[in-house]
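Working notes, structure below.
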Amino acid sequence: MQIDRAQPAIAAAAVTLVLWIFGVAAFLPPLSHYTLQSLPLIIVAGIGIFICLVLHLVFIGIAAKRLGRSPVLWVLVALCTLPLASIIGLILFEWFSEQAKEAAA
């Protein structure tokens with residue numbers, strides 16, 4: 001089943017999205033006071049945000065390819081509507097995959 005093949009990529013995309021959110025949160029109040037006072041923290045958080053964003057988009061592309069969708073389109077949609085579309089998409093994917101499993105059983 002195609003959904004089972006995409007599960008690892010979707011799980012990895014969810015993890016990288018959560019890590020990206022933690023990186024962005026470092027620059028939001030109340031954490032920005034601590035982050036912006038330390039150059040190493042700024043660098044580490046910035047690199048973490050970049051790496052998590054790239055990995056998130058890669059995993060979205062892998063999942064789209066395994067589901068028989070256009071990876072380029074899904075990556076562009078995920079990038080342009082980040083993080084809301086990614087969060088909503090991951091929730092809906094999990095919900096529909098559970099429905100498919102129940103229907104198959």
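Throughout, read-outs are computed from the coordinates displayed, never taken from laboratory work. Keep in mind that what you see is a predicted model, and the values were worked out from it rather than measured. Positions of Cβ are backbone-derived with ideal geometry, glycine not excepted, and every protein chain shown enters the neighbour counts.
Which whole-number percent is the relative contact order of the chain (Cα, under 8 Å, 6+ apart)?
Normalised by residue count, the contact order of the chain is 32 percent.
Can you tell me the 0 to 90 degree angle between the C-alpha axis of helix 71-80 and the longest principal axis of the chain, rounded to 10?
40
Rounded to the nearest 10 degrees, what's the angle between the helix 84-104 long axis and the longest principal axis of the chain, both from Cα atoms, 0 to 90?
On a 0 to 90 degree scale, this one is about 30.
Cα axis of helix 39-66 to longest principal axis of the chain: angle in degrees, 0 to 90, nearest 10?
It works out to around 10 degrees.
Based on the Cβ-Cβ distance from W95 to V44, what FRET efficiency comes out when R0 is 30 Å, to the nearest 0.05?
Details: r = 35 Å, r/R0 = 1.16.
So the FRET efficiency works out to roughly 0.30.
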